[in-house]
Amino acid sequence: VKSCKVAIAKGEMELGNHYHRNKDEIFYLLSGIGEYKLGEEEFKPLVNVVFVPRGTYHAFKLKKDSVLLGAATEPFDINDEIQ
């Protein structure tokens, strides 16, 4: 792991909606309720952990007060946030 980030939902929120060419990510729902989707899938309930391999579109929806931890195999690079 070369970088981590934490999202704390102060209200309902959506995040992600992108993919990465150069890194894999893993997300842990530390508390709360959320949904996720990978690729063209429909949103489904977020439970515990989701692995996102590089090149895979991903998005999350979190309910208020949810906490999501993300860890990546490479440091953050704004040029690798592909919409």
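The values are calculated or read from the model by the stated rules, or taken from the named source; none is laboratory data. What you are looking at is a predicted structure, and each value in this text was computed from that prediction instead of being measured. For neighbour counting, all protein chains shown are included, and Cβ atoms are generated from backbone atoms with ideal geometry for every residue, glycine included. Accessible surface is based on the protein model in full, side chains and every heavy atom, while ligands, DNA and RNA are left aside. Shrake-Rupley method; radii C 1.70, N 1.55, O 1.52, S 1.80 Å.
Can you list residue pairs whose Cβ atoms sit under 8 Å apart, with the first residue in segment 1-28 being more than 13 Å from Leu46 (Cβ to Cβ) and touching a residue at least 60 places away in the same chain (Cβ under 8 Å) and the second being hydrophobic (A, V, I, L, M, F, W, C) and part of a loop (DSSP other than H, G, I, E, B)? Count only pairs 6 or more apart in sequence or on different chains.
Matching pairs, first to second residue: Ser3/Phe76; Lys5/Phe76.
Select from segment 51-83 the residues that are open to solvent by less than 70 Å² (accessible area, probe 1.4 Å), touching a residue at least 40 places away in the same chain (Cβ under 8 Å), of a type in the set (S, T, N, Q) and more than 15 Å from Glu35 (Cβ to Cβ) and list them in ascending order.
Thr73, the sole residue that qualifies.
In segment 37-73, how many are closer than 15 Å to Lys5 by Cα and hydroxyl-bearing (Ser, Thr, Tyr)?
Of the residues in segment 37-73, 2 are closer than 15 Å to Lys5 by Cα and hydroxyl-bearing (Ser, Thr, Tyr).
If I ask for residues that are out of contact with any helix residue (DSSP H, G or I) (no Cβ under 9 Å at 6 or more places or on another chain), of a type in the set (D, E, K, R) and open to solvent by 30 Å² or more (accessible area, probe 1.4 Å), which ones from segment 21-37 would you list?
Within segment 21-37, Asp24, Glu35, Lys37 qualify.
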